[in-house]
Every structure is written in structure tokens, then in C-alpha cells.
Amino acid sequence: MADNFHNEPPIDFSRRQNRDRFKRSLEEARGQFDHGRRRGGEWLESVNPANFKEIVGRVRNAGTDQADAAIEKAARFFPKWRAAPAAERAKILVKAAGILREKRWELAALEVFEVGKGWREADADVIEAIDYLRYYAREMLHLAEPRQTQSLPSETNVYLYEPRGIAAIIAPWNFPLAILTGMTAAALVTGNCALMKPAEQSPMMAQRLLEILGEAGLPADACGLLHGGGELGAHLVRSPKIHLIAFTGSREVGLEILREAYTHRPGQEHVKRVVCEMGGKNAVIVDSDADLDEAVVHVIDSAFGYQGQKCSAASRLILVGEVHERLVTRLVEAVRSLKIGPPEDPRNAVGPLIEEAAKERVEQYIRLGKKEAQCVLEMAAPKQGYFVGPAIFTDVDPNSRIAQEEIFGPVLSIIRARDFDQALEIADRSSFALTGGVFSRSPAHIDKARKEFRVGNLYINRGITGAVVERQPFGGLKLSGIGSKAGGPDYLLQFLEPRTISENTLRHGFMPPEKLRK
Amino acid sequence: MMNPGNTNVSSEKMTERVDSTEQAVQTLARSLYQKAAQHKPSLFEAKDLLGRMIDWSLEDESLRVALFRFVDVLPSLESSSEIGRHLEEYFARVDHALGGLVVLAQALHAGTLVAPVVRRNVVKLARRFIAEESGDHLISVVENLRNEPAAFTLDVVGEATVSDLEAAAMQQRYLDLLRRLVKTGESWPPVAQIDDSPQGNIPRVNLSVKLSSLCARFDPLDPNTEATVGERLRGLLREAARLQAAITVDMEQYAFKDLTLEIFRAVLEEEEFRERPHAAIALQAYLRDAETDVRELIRWARRLKRRIGVRLVKGAYWDSEIAWAKQKGWPIPVYLEKARTDASYERLSRLLLENHDFIDAAFGSHNLRSLAHAIVTAKMLGLPSHGYEIQMLYGMAEPVRQAIIQYGQRVRVYLPVGDLLPGMSYLIRRLMENTSNTSFLRQTYADRKDIASLIKPPAPARRSDDKVAASSNEQAGG
């Protein structure tokens with residue numbers, strides 16, 4: 001059942017019937033928008049960032065009382081859930097994957113509106129969620145088998161994994177389905193109870209996920225959903241009854257979570273475990289012998305795909321030697337050819353930023369960039385949503401702020417390097433180390449990058465975003481994160497605690513035959 | 001396909017006819033082969049760098065990879081020491097006693113041999129496959145071809161188009177070439193074998209166009225692609241109509257196919273282009289969709305009552321198509337088995353020829369068996385030899401071309417033009433194609449396979465080819 005893992009294929013948009021179907025799904029999704037009156041403080045509104053007059057939906061915010069009640073409920077249910085066979089839990093995940101697959105069109109369409117993603121990117125998020133469900137289901141089946149450590153005639157020694165308890169899942173809006181699903185599925189399939197706290201900007205996707213998990217047969221008490229902002233998240237993190245926090249988001253919040261989570265509080269009988277993925281300031285090196293036809297296209301996708309709002313996005317482009325002269329004009333002209341506008345219209349390659357604050361932050365960085373470096377591209381953007389046109393800077397000092405701080409927007413800093421060694425050195429000059437890329441046709445340079453370009457995910461002669469579950473387990477080093485990689489073989493271990501059980505089987509010289517020793 | 005309602009008698013007749021056709025195909029293929037086999041194509045005979053490269057790459061797979069990768073990177077290398085470093089890096093790891101090359105690399109590295117020599121050699125090599133756009137080279141190549149006599153179609157090679165600016169420049173390049181060639185061509189004496197068809201004179205200047213070169217990013221999802229490319233294509237067609245030149249739309253990767261066909265049809269349906277210019281499109285027999293597409297195109301031409309050219313090729317993106325499909329988890333769009341592609345080619349040849357009242361068929365192949373099949377089929381259908389044409393690539397299979405020209409057919413040479421170095425990716429594709437062990441040219445001239453096996457009818461062995469492509473990740477053979 002869950003044993004055969006394969007990645008869910010993306011929608012092939014070269015087929016007209018698929019384009020038509022997606023368009024219909026968008027219309028249907030829009031038909032379900034909330035046209036009611038705004039209803040005050042306890043309601044959380046999901047706004048279409050490409051047109052802030054449209055309310056995609058609204059949900060109720062949870063207060064701390066509700067959060068505590070949800071924790072209590074999960075705590076009561078936990079022993080039961082822990083005792084459920086792993087195969088049963090895995091089966092629920094696989095079932096949920098099937099339901100997600102059936103609903104992939106409507107989910108992707110909703111995502112286009114809720115977070116301003118293009119069609120392909122929205123579909124990619126949905127299939128990644130499907131992949132996590134299936135992959136973690138399969139991985140758990142392997143982990144669930146207790147292992148004999150050594151086989152002795154007088155003793156059994158068993159090594160096994162157990163869940164930790166209650167997991168708080170604090171998820172971002174930029175992959176509103178995939179990351180939330182991945183972290184939640186990992187917690188649940190390993191036997192933990194989960195409390196999801198999705199980003200305020202993408203509550204509707206979380207709402208849909210909860211429904212689907214229920215439909216797949218997940219007991220209601222195993223997984224709760226709490227909507228709210230930073231305070232709600234902080235409350236969960238501080239709760240002495242939470243055992244594990246799975247977080248993906250900004251470095252600032254991540255470090256705060258680590259500090260709070262490791263502070264012991266009255267009534268807390270355990271040390272919390274934090275699984276933490278934080279941002280990136282990812283560099284792509286283009287060597288002097290690179291294939292520029294390839295480099296231009298992949299750099300654009302990596303830097304400006306989803307407006308650069310990915311922790312894996314390229315934000316530093318390091319050009320070796322005179323490749324600068326050959327590449328910059330082509331790159332700038334290629335980006336200038338991109339259309340900016342609502343992503344529901346597939347002619348727009350650049351959509352909106354997620355919210356007003358993001359727009360202001362990015363615009364601020366663009367202003368700063370003009371002081372620190374040379375602005376070679378700035379594009380006008382529509383006013384009706386949170387749009388900011390792509391910006392490219394050249395002659396960027398590798399130590400300047402636009403080359404060091406995570407901007408999380410469509411801004412690319414181009415840095416010159418004398419040679420490949422210097423390019424590697426510049427790439428490494430960051431406290432982040434999530435993804436990185438190299439375009440080169442020199443076998444020696446590629447080898448060197450493999451050894452010395454020390455980032456969590458290194459991509460050679462391809463784009464640096466879009467890691468695929470199992471194929472490219474994903475996660476960063478340095479201040480980009482702790483814990484092991486999502487979609488990889490070690491991920492579930494973080495949600496588990498190992499136990500060792502030894503039994504003396506020798507009683508006055510009498511031993512059961514080997515096959516009865518367990 | 002046989003009609004299941006046929007009686008025994010008529011299906012016997014059918015078998016007889018198939019047998020006699022097959023016999024004629026074999027006879028023609030054999031006689032063409034005997035002519036062609038007397039000379040080696042320059043590709044396999046060259047005593048210079050090209051010849052050595054081809055020899056090495058036939059010998060050893062790892063060397064072949066190193067060699068092609070080196071040629072691929074070469075245009076971007078600016079200095080001797082860079083060329084030397086890459087030579088060393090690529091060939092040091094090849095498991096092959098390549099004394100000469102290692103010495104060459106070391107010499108380059110030490111600076112005792114200058115890189116321009118290597119570059120010059122590769123440029124020379126490229127010139128066999130690509131005509132230089134600037135200067136007189138292009139005109140002399142074209143005029144030599146017409147003397148053979150062979151017609152030509154130009155293919156502009158260069159960097160990929162990634163911006164609107166580059167797309168506009170590309171369109172301008174196409175227009176300039178059209179005008180230049182048409183003007184030069186005014187002085188060319190007419191040659192009946194290549195300039196006539198049953199419908200009268202055909203354009204002497206024929207331009208092949210890749211639609212992806214006409215926009216910043218050819219993306220079927222982006223409705224802007226259709227609008228932008230359509231507009232630039234209109235510009236080309238308009239000029240071609242005015243100059244009495246012909247436009248052929250090339251076919252690229254599978255992901256572009258549907259949209260390429262749609263744009264081609266949509267623009268030609270417009271009133272302005274209902275009669276002129278001569279327009280053709282390439283279709284690839286290795287695609288599982290090929291027959292559907294050919295039938296649809298024929299239906300469309302009939303409905304429109306407009307003559308359309310179809311260049312039937314086998315397809316040049318085979319490895320890439322398989323790689324891309326596997327990456328995405330999509331069904332593999334091409335036949336995995338070479339014989340199935342060959343069989344598809346013959347089936348589609350017949351289909352195109354049967355519809356000669358609306359279709360100008362062009363058969364792009366170097367495979368004598370495939371070409372003989374098309375020629376014999378045309379004859380059986382009562383088509384005159386100038387009712388269709390044979391197309392071949394410049395720089396390849398010259399003896400095959402000569403044999404076919406001598407047989408009296410109209411041959412058109414697909415001639416890439418452009419800067420030699422940026423044209424390298426084209427060169428790589430051609431080298432890959434012709435040194436792959438399923439290549440007809442390789443089997444004929446390098447492997448010296450016996451004639452009977454080269455011209456036997458394609459017999460696909462693996463019945464489950466379709467299933468394999470749809471469902472499994474098994475390594476594709478062929």
C-alpha cells in the first residue's frame with residue numbers, strides 16, 4: 001500500500017485541456033469567495049494579495065484559552081494515538097494523499113488567490129504535499145519495526161521508536177499546503193498529536209487540509225487547527241505541555257522559538273525538541289565557461305519565481321571574470337520581458353508580494369540598494385495589489401546589506417568575482433547556507449564546488465529551487481536551520497524518541513528456543 | 001491499417017500489393033545503396049580533427065561523452081590556458097589510451113601550443129555543418145548546392161532567445177536573410193529538377209523557422225506566447241509572400257508541439273495568408289502522437305483548401321524527451337524502439353503522399369530504406385518525382401544525397417547559418433545523432449553492416465512498448 005513511493009507528476013500545461021480545466025477551477029474558486037461584511041477582531045481575513053478588495057475567506061482567530069483547551073484535548077488523546085499501529089496511521093496519510101490528488105485542481109486554484117502564486121507554482125505546492133504524505137507513510141513503516149541490536153542466547157535487546165507527545169506545527173504562507181502538510185504528516189504518522197498554527201496569510205489552505213485529514217479518517221483529537229498571529233505561536237511554544245515544535249519561517253522568529261523552547265517552565269517534565277527551518281541568502285555562481293542560455297533561464301526562475309518569496313530563492317548572483325559582460329544585459333532584458341500582474345492570468349510571470357508589510361520592506365531594500373550599488377533594472381508594477389517589480393543590482397559589495405540580509409522579494413544582487421575560487425569564497429560569506437547553485441562546464445570546478453560550496457542543497461547546472469521529496473531532501477546549514485532534511489530519510493527521526501529494552505531470558509539455566517525469544 | 005470488414009480475397013490482394021511494394025523498396029534501396037556506398041560521407045572520411053573525433057567517439061562511450069562536452073564548452077573559452085585546462089579536465093578522466101590528446105592538453109597548458117589552433121580546428125569543423133552568415137560563405141555554399149543540383153532551406157542557429165529584444169532581433173535576422181537571398185537569387189538560372197513542381201515553380205529561397213526563437217520564452221501556459229509569436233510569424237509570412245519565398249516551421253521539443261501547430265494553423269487561416277506564401281511545418285515520426293497530428297493537419301488543409309508542406313522527420317530530441325518525461329513523471333512521448341519510429345515514418349509517408357492534392361510532402365532522412373520507401377510509395381500512387389521532395393542535412397551523407405539526386409529526385413538541403421561558435425549546440429546534436437549506434441550513416445559507413453539488414457522493413461520487436469513508456473521507469477533502449 002504505502003510501500004511504493006513515486007512523486008506525483010505535475011500538471012502538463014502544454015495540453016490545452018489542462019489549461020482550460022485550471023481556468024475553470026479558478027472561476028469556481030472565485031465563486032466561493034466570502035462576500036459577507038467584515039466582522040471584527042476575532043475574525044481573520046484571507047485577502048487576495050493581487051487584489052486586496054477580494055476576501056478569499058475568513059476564519060475565527062483562536063485565543064490562548066482555546067489553544068490551552070486544544071492542548072488538553074490532544075494530551076488526553078495522545079496515549080491512544082501512540083498505541084495505534086503505525087500501519088494504521090500510515091494508511092490515513094496515504095488516503096489523505098489520494099483525496100488531495102482528487103482535489104488538486106481546486107486546491108491549486110485556491111492557492112493562486114490566497115497567496116498570489118502562479119499556476120505551475122501552485123500546482124507544485126499541492127503535489128509536494130501529496131508527496132510528503134506518501135513518503136512519510138512509507139518511511140514510518142520502516143521505522144515502526146523494532147530492531148534487535150545484538151542477538152544473544154541469554155538476552156533480548158530491542159531498539160524501538162516512540163512518539164514524543166504533542167507537536168506544535170508553525171507553518172509559513174509561502175508553501176501554504178506543502179510545508180504545513182509535511183510537518184503535520186511527520187508528526188502524526190510518528191504517533192504524535194499535532195496542533196497546526198498556519199500563517200495568518202494562508203488560513204484557507206490550512207482549513208482545507210484539516211478537512212481532508214478528517215475525511216481520510218484521522219481522529220479529530222489527533223490534530224487541531226488554531227488560527228492566529230505571532231502571539232498565538234509564542235503561547236504554543238511556551239506551553240509546558242508541548243513536546244515538539246516544527247517551524248519553518250524567518251530566522252528572527254526561528255531563533256526566538258529556540259530560545260523560548262529551551263527555557264524550562266514549571267510543570268514541564270521534558271526538554272522540548274525543535275525542528276527549525278529558517279531562511280536563506282542563496283548564491284548562484286556562474287563560471288566563465290557556463291552555458292549562458294541555460295544560466296539566464298534558471299537564474300530568472302530561481303530569483304523571481306514566486307517573486308523571490310522562497311527560502312530557497314536565488315538572491316545573490318556571483319559572476320566569474322568576464323562572464324559579467326556577456327550575461328548581465330541578456331539577463332536584464334530577459335527579466336524586463338516578464339509581465340507583472342495577477343497570477344490568475346497566466347501571462348503574468350511576476351505576481352504580488354504577500355502583504356503590505358512585505359511590499360514596504362522590499363521597496364525599502366530597493367531604496368537601500370540604490371545607495372549601496374548600481375540599479376540596472378527596476379520595473380513599474382500595478383497598484384491594485386501588493387506588487388513590486390523585479391529589481392537587479394550590479395557592482396554589489398558582498399558585505400553590503402542587500403548582499404547579506406534576506407529580502408524575500410524579487411531583488412537580485414550581482415557580485416563580481418575575479419575567479420572561481422573567489423566566487424566560492426564570496427558565496428560562503430553568509431550566515432545562511434540553505435541552497436546554492438553553480439553553472440560551470442569545468443569538471444574541476446564542479447568537483448571543487450561539491451566539496452567546498454557547503455550549503456544544505458547544492459544544485460549544479462540547474463535552478464536552485466523546487467526540491468522534490470525523496471529525490472532532493474531539503475534543508476539548510478548554518479543559521480538556515482537545524483534538524484535534518486524535509487522529504488529525506490532522517491526527517492521522521494526528529495519526531496521520535498528511541499527506547500532500548502533489554503530482557504534477561506535466562507532463568508536458572510532454562511532458555512526459550514531462539515524463535516520464541518522476542 | 002486493414003479494414004476488419006475486408007473479405008479474405010481482398011486482404012489477399014492487399015498482401016500481394018504489400019509484397020510487391022516491399023520488393024520494389026528493397027530493389028531501389030539496394031541500388032541507391034550501391035551508388036552511395038562507393039564514397040564515404042565527409043563526416044566519416046575526414047582525416048582532420050573531425051575524422052579523429054568521430055573515430056574516437058565510435059570507439060568508446062566515455063570518450064564520446066568527454067568529446068562532446070568539450071566541443072560544447074569550447075565556444076565560451078577565451079584563452080589558450082582555459083582551453084588547455086578544459087581539455088585536460090575532460091580527457092584526463094577518460095579511460096582510453098588517448099596519448100595524442102593528453103599531449104595536446106599539456107602543450108596547451110604549458111603554452112607551447114596555442115589555443116587558437118584548437119579553436120581554428122573546431123571552427124573548421126563547424127563550417128562543414130554551418131554556413132557562415134556574414135560574408136560570402138553562405139552564398140557560395142548555396143550556389144554550390146544549386147549546382148549539384150540541390151535546393152536549400154536556411155536554418156538560423158545561435159543563442160537561445162530569452163528576451164523580447166532578442167526575439168525582435170531574431171525576426172529581423174530572418175527578414176534580412178530572406179531579402180538578401182532572394183536578391184542574390186535573381187541571377188540564378190532556373191534548374192527544373194529543384195525549382196519545379198506539378199503546381200508550377202516553387203520558391204528558391206526557403207527559410208526554416210523555430211517559433212521559440214520569436215519570443216522571450218515559448219511557454220504554452222502563457223497566452224502571450226501565441227500572440228507574440230503569431231505576430232512575428234505574420235511578419236515573416238508577409239515578407240515571404242511578397243518575395244515569393246517559402247517558410248517552413250521547424251518542430252522542437254514535445255512540450256512545444258501542440259502550441260507550435262496551433263500557431264501555425266491559426267495564422268495561416270487568416271485571409272491574408274490563405275494562398276501565399278508557400279508554408280510548411282515539420283512533424284516528427286518518433287512521437288506517439290504523430291499520426292493523430294498528421295491526420296488532423298491533413299483534415300485542416302482540406303477544409304481550408306490550402307496547400308501545405310509537411311516535412312516528415314524522425315525527430316532529434318529523443319534522449320532529451322525521455323529525460324524530461326522521467327523527471328516530471330509524465331508518459332514518455334516518443335517510441336522507445338527505433339524500429340517503431342521507422343515503421344511510423346513509413347506509415348506517415350504513405351499518408352502524406354496519399355493526400356498529395358493538398359500536401360507537399362518532404363521526407364527528411366538519411367536512411368536509404370526510409371527514403372526508398374517514400375519514393376516507391378509515391379510511384380505506386382502515381383505521383384511524379386517532382387510531386388514531393390527529399391531533405392537532408394548539410395554536411396552529412398553527401399553520397400546518399402548524390403545517389404538520390406542522380407536518381408532524379410528533388411533534394412533540399414537543410415542548411416544551418418550563423419556564427420560558428422554559438423552554433424555549437426546544433427553541431428553537438430548532429431554529432432550525437434550520427435555516431436549513435438542506431439544511426440543509419442554510422443551503420444552504413446562506420447560499422448559496415450550488411451546491406452540486407454540495413455534495408456529490411458522495420459520490425460518492432462517489443463509489443464509492450466506503449467505500456468513501458470506509460471508506466472515504468474525502466475531504462476530506455478535504442
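Rule-based calculations on the coordinates, nothing more; no lab input. Just so you know, these numbers come straight off a predicted model, no measurement behind them. Because the Cβ atoms are built from the backbone with ideal geometry, glycine has one as well, and the counts that use them run over all protein chains shown.
Describe numerically, in nm with one decimal, the distance between label points set 7 Å from Cα along Cα→Cβ at A:E378 and at A:T263.
With each label point 7 Å from Cα toward Cβ, the separation is 4.2 nm.
Just rank B:F70, A:F510, fewest to most, by other beta-carbon atoms within 10 angstrom.
So the ranking, lowest neighbour count to highest, is A:F510, B:F70.
State, as an integer percentage, the relative contact order of the range A:263-358 based on alpha-carbon contacts under 8 Å between residues 6 or more apart.
Once divided by the residue count of the range A:263-358, the mean separation gives 26 percent.
Suppose R0 equals 60 Å; then what is the FRET efficiency for B:T184 and A:K448 from their Cβ-Cβ distance, rounded to the nearest 0.05?
Once rounded, the FRET efficiency stands at 0.70.
Is the shape of the range A:1-103 best called rounded, prolate or oblate, per the rule: a/c under 1.5 gives rounded, else a/b larger than b/c gives prolate, else oblate, with a ≥ b ≥ c the square roots of the Cα gyration tensor eigenvalues?
Details: a/c = 3.83, a/b = 1.09, b/c = 3.52.
Note, shape of the range A:1-103 comes out oblate.
Taking 1 over the mean of 1/r across every pair of different Cα atoms in chain A, what Kirkwood radius in Å do you get?
Over chain A, the inverse of the mean reciprocal pair distance is 24.2 Å.
Straight-line reach from A:K80: which lysines have Cα under 18 Å away, leaving out those fewer than 8 places along the same chain?
Answer for A:K80, where 18 Å is the Cα cut-off: A:K91, A:K241, listed by chain and number.
Would you compute, from DSSP H runs of 4+ residues alone, the mean residue ellipticity of chain A at 222 nm, taking -39500 (n - 2.57) per run and dividing by the full residue count, rounded to the nearest 500?
My calculation for chain A gives -12500 deg cm²/dmol from helical runs alone.
By its C-alpha gyration tensor, with a ≥ b ≥ c as the square roots of the eigenvalues, how is the range A:66-150 shaped: rounded for a/c under 1.5, else prolate for a/b larger than b/c, else oblate? Numbers along the way, then the final one.
On the way: a/c = 2.92, a/b = 1.53, b/c = 1.91.
Oblate.
Ranking A:L160, B:L415 by Cβ neighbours within 10 Å, fewest first, what do you get?
Exposure proxy ranking, most exposed first: A:L160, B:L415.
May I ask you to derive the FRET efficiency for A:D68 and A:E102 from their Cβ-Cβ distance with R0 = 30 Å, giving the value to the nearest 0.05?
Numbers: r = 36 Å, r/R0 = 1.19.
After rounding to 0.05, the efficiency reads 0.25.
Below 8 Å, C-alpha to C-alpha, sequence gap of six or more: please give me the relative contact order for the range B:128-460 in percent. If you can, show how the numbers build up before the last one.
Numbers: 532 pairs, mean separation 74.5, N = 333.
Rounded, it is 22 percent for the range B:128-460.
Mind listing the phi-derived Karplus ³J(HN,Hα) values for the range B:405-418, rounded to whole Hz, using 6.51, -1.76 and 1.60 with θ = phi - 60°, and x for any glycine or proline?
Once θ is set to phi - 60°, the couplings for the range B:405-418 become 4, 4, 6, x, 7, 7, 10, 10, 9, 7, 10, x, 10, x Hz.
Explain nothing, just the number: relative contact order of the range A:1-70, from Cα pairs under 8 Å at least 6 residues apart, as a whole percent.
Answer for the range A:1-70 is 21 percent.
Between A:E356 and B:D258, what is the FRET efficiency for a Förster distance of 41 Å, r being their Cβ-Cβ separation, to the nearest 0.05?
Here the calculated transfer efficiency is 0.50.
Please give me, ordered by residue number, the trypsin sites (Lys or Arg not before Pro) of the range A:136-224 that lie in loop per DSSP and have at most 14 other Cβ atoms within 10 Å.
Here no loop site has a sparse enough neighbourhood.
Taking neighbour Cβ counts within 10 Å as the exposure measure, how do B:D447, B:D164 sort from fewest upward? Don't skip to the answer; put the middle values down first.
Values: B:D447 12, B:D164 17.
Ranking B:D447, B:D164 by Cβ neighbours within 10 Å, fewest first, gives B:D447, B:D164.
Using θ = phi - 60° and the Karplus form 6.51 cos²θ - 1.76 cosθ + 1.60, what ³J(HN,Hα) does each residue of the range A:175-192 get, whole Hz, x for Gly and Pro?
10, x, 9, 4, 5, 4, 5, x, 5, 5, 4, 4, 5, 6, 5, 7, x, 7
Working from Cα positions, state the angle (0 to 90°, nearest 10) between the long axis of helix A:86-102 and the longest principal axis of chain A.
30 degrees
Would you work out the charge dipole size for the protein assembly as shown about its Cα centre, treating the Cβ of every Lys and Arg as +1 and the Cβ of every Asp and Glu as -1, and quote it to the nearest 20 debye?
That gives the protein assembly as shown a dipole magnitude of about 1160 debye.
Relative to the longest principal axis of chain A, what angle (0 to 90°, nearest 10) does the C-alpha long axis of helix A:119-143 take?
Here the helix axis deviates by roughly 20 degrees.
Shape call for the range B:128-460 from the C-alpha gyration tensor, a ≥ b ≥ c root eigenvalues: rounded (a/c under 1.5), prolate (a/b greater than b/c) or oblate? Walk me through the intermediate numbers first.
Details: a/c = 1.24, a/b = 1.11, b/c = 1.12.
The shape class here is rounded.
Which angle between 0 and 90 degrees, to the nearest 10, do you get for helix A:356-372 versus the longest principal axis of chain A when only C-alpha atoms count?
50 degrees
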